[in-house]
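First up is the structure itself, then whatever we jot down about it.
The values are calculated or read from the model by the stated rules, or taken from the named source; none is laboratory data. These figures come from a predicted structure and were not determined experimentally. All Cβ positions, glycine included, derive from the backbone under ideal geometry; neighbour counts span all protein chains shown.
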Amino acid sequence: MQDDAAKQLIHHPYRAPPGFEALPVPVHKASTVVFPNMAAVRARDWKHKDAYTYGLHGTPTTFTLEERIASLEGGRHCLLTPSGLAAIALVNQALLAPGDEVLLPSNVYGPNLEYARMELARWGVRHRSYDPLDAAGFEAMLGEHSRLAWLEAAGSVTMEFPDLPGLVAAARRKGVTTVLDNTWGAGLAFKGFDLGIDIVAQALTKYPSGGADVLMGSVTTRDDELHQRLLVTHKHLGLGVGANDAELVLRSLPSLPLRYRAQDAAGRAVAIWLRKRPEVARVLHPAFDDSPGHAHWRALCTDAAGLFSVLLHERYDAPQVDRFVDALELFKIGYSWAGPTSLAMAYPLAAMRPGTTLRGHLVRLAIGLEEPAALCADLERALGIAFG
Ligand SMILES: *Cc1c(COP(=O)(O)O)cnc(C)c1O
């Protein structure tokens with residue numbers, strides 16, 4: 001091997017000519033970012049997006065995605081995290097301290113509650129659950145240690161749409177910071193910041209990706225000081241995202257409104273069909289007038305995610321419900337949603353929501369991009385196999 005082969009390969013002088021203009025955002029990858037001299041090292045501040053210091057602190061690709069998510073949410077600053085759950089953890093870690101209390105809606109995304117129970121408790125942070133439909137009850141719970149309140153619209157699995165304006169007003173009166181998990185709304189169904197919410201988080205894994213192939217989260221703010229606190233913790237935890245993943249989300253963003261609307265329309269068509277089935281006791285969809293919190297949804301939104309739950313009659317047994325889910329062919333069994341493939345998942349309602357007044361066996365359906373008629377035919381066949 002020639003002595004200088006490695007040097008030639010690593011330090012090759014050719015540079016592609018500048019001036020290449022194409023429409024997609026380029027994928028910029030780096031751990032090391034090179035400085036022209038030591039003065040530049042000293043002049044650059046990792047906190048500012050006007051220059052680069054290290055791959056973990058951002059590249060042109062991740063900065064571009066942050067800007068787009070910030071405008072989608074109607075915010076000013078955005079931080080990307082390696083998953084939606086990491087976005088939740090970042091907010092908790094950045095804003096809570098021993099002695100504080102965090103408020104979670106009773107229908108909160110499950111892993112958020114688990115984080116509070118298993119992690120926050122070890123750091124001396126308490127958590128309490130509130131009824132997202134009862135703003136007055138929520139306000140009465142807030143005390144001097146209440147620091148942060150999570151909001152989720154619609155709530156996970158049971159799909160209650162909360163009284164967001166009422167909850168936000170109550171939190172404001174008591175000086176409690178509010179953070180919305182906006183995964184369901186995707187920045188499209190309503191604007192969290194217009195309601196006075198302080199922080200808007202999202203699992204970009206769902207609608208913004210749309211491909212069932214990327215895990216990513218975002219934490220968006222309008223307030224500079226709040227952003228700085230989140231930014232510093234984000235750095236300490238090393239929560240960077242890869243440029244290839246950021247590029248996949250950037251590639252999907254232009255079709256986000258079209259996909260959201262299409263999956264909403266298909267979801268409602270399938271939900272309306274299911275509502276008429278004798279096996280179904282109730283359909284939980286925020287756009288249906290018998291769904292908990294429907295009036296709050298109607299006051300705020302016209303769109304909805306393509307996500308809803310059905311309650312199968314109590315007279316069936318759990319193995320029959322499993323047989324129904326197992327018999328589906330187009331609907332795959334799995335977690336997550338907003339990808340091209342429709343998904344089904346049975347949840348243990350009584351264990352998840354102690355004290356719930358909802359009755360029956362809960363199956364959540366996430367509508368993909370298949371034709372609604374084909375999805376209804378799949379459901380009809382599986383219902384026949386399980387309950388016929
Ligand atoms: C999926 C989801 C998350 C977490 O996102 P991951 O990227 O899977 O960690 C958080 N909140 C809600 C409401 C979700 O649906």
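Of all residues in segment 107-123, count the ones that are surrounded by 20 or more Cβ atoms within 10 Å (Cβ to Cβ) and either among the small types (G, A, S) or under 20 Å from T356 (Cβ atoms) (or both).
Counting residues in segment 107-123 that are surrounded by 20 or more Cβ atoms within 10 Å (Cβ to Cβ) and either among the small types (G, A, S) or under 20 Å from T356 (Cβ atoms) (or both) gives 5.
I'd like to know if segment 307-316 contains one or more residues that are within 18 Å of A154 (Cβ to Cβ) and either loosely packed, with under 15 Cβ neighbours inside 10 Å or in contact with a helix residue (DSSP H, G or I) (Cβ under 6 Å, 6 or more places away or on another chain) (or both).
yes
Mind checking which residues of segment 13-29 are among the aliphatic types (A, V, I, L, M) and within 30 Å of the chain's Cα centre (by Cα)?
L23, V25, V27
Listed residues A136, A89; which is over 22 Å from M216 (Cα atoms), in a helix (DSSP H, G or I) and either assigned by TED's automatic domain parsing to the domain that holds N182 or more than 16 Å from the ligand (Cβ to nearest atom) (or both)?
Every option except A136 fails the conditions.
For residues that are in contact (Cβ under 8 Å) with a residue 60 or more places away in the chain and β-branched (V, I, T), scanning just segment 135-176, find the one that is surrounded by the fewest Cβ atoms within 10 Å (Cβ to Cβ).
V157
Mind telling me which of the residues S146, S106, S83 ends up being modelled with pLDDT of 95 or more, of a type in the set (G, A, S), within 16 Å of the ligand (Cβ to nearest atom) and within 24 Å of G166 (Cα to Cα)? Give the steps one after another, and end with the answer.
Numbers: S146 fails: within 16 Å of the ligand (Cβ to nearest atom); S83 fails: within 24 Å of G166 (Cα to Cα).
Being modelled with pLDDT of 95 or more, of a type in the set (G, A, S), within 16 Å of the ligand (Cβ to nearest atom) and within 24 Å of G166 (Cα to Cα) holds for just one of S146, S106, S83, which is S106.
Mind telling me which of the residues K235, K276, K191, K206 ends up being at pLDDT 95 or above and crowded, with 19+ Cβ neighbours inside 10 Å?
Being at pLDDT 95 or above and crowded, with 19+ Cβ neighbours inside 10 Å holds for just one of K235, K276, K191, K206, which is K206.
Look through A39, A30 and report the one residue that is at pLDDT 95 or above, under 22 Å from T233 (Cα atoms) and of a type in the set (G, A, S). Working first, answer last.
On the way: A39 fails: under 22 Å from T233 (Cα atoms).
Every option except A30 fails the conditions.
Just a yes or no: is a residue in segment 175-190 more than 19 Å from E67 (Cα to Cα), part of a helix (DSSP H, G or I) and outside the structural domain of H296 (by TED's automatic domain parsing)?
No, there is no match, as no residue in segment 175-190 is more than 19 Å from E67 (Cα to Cα), part of a helix (DSSP H, G or I) and outside the structural domain of H296 (by TED's automatic domain parsing).
Just to verify a result, which residue in segment 191-231, among those that are acidic (D, E) and either farther than 16 Å from L164 by Cβ or outside any helix (DSSP H, G or I) (or both), is nearest to the ligand (Cβ to nearest atom)? First the steps, then the outcome.
So the first thing to find is which residues in segment 191-231 are acidic (D, E), and the list is 194, 198, 213, 223-225.
Then keep just the ones that are either farther than 16 Å from L164 by Cβ or outside any helix (DSSP H, G or I) (or both); that gives 198, 213, 223-225.
Numbers: D198: 17, D213: 12, D223: 22, D224: 26, E225: 25 Å.
So, considering only residues that are acidic (D, E) and either farther than 16 Å from L164 by Cβ or outside any helix (DSSP H, G or I) (or both), the one nearest to the ligand (Cβ to nearest atom) is D213.
Check whether at least one residue in segment 307-318 is within 16 Å of the ligand (Cβ to nearest atom), modelled with pLDDT of 95 or more and charged (D, E, K, R), and report yes or no.
no
Run A94 past the list (1) more than 23 Å from P257 (Cα to Cα); (2) without any contact (Cβ under 8 Å) to a residue 40 or more places away in the chain; (3) more than 16 Å from the ligand (Cβ to nearest atom); (4) assigned to a helix (DSSP H, G or I) and report the number of the one that doesn't hold.
(2)
Looking only at residues that are closer than 27 Å to Q202 by Cα and of a type in the set (G, A, S) in segment 351-382, which one is nearest to the chain's Cα centre (by Cα)?
Filtering segment 351-382 for residues that are closer than 27 Å to Q202 by Cα and of a type in the set (G, A, S), the one nearest to the chain's Cα centre (by Cα) comes out as A366.
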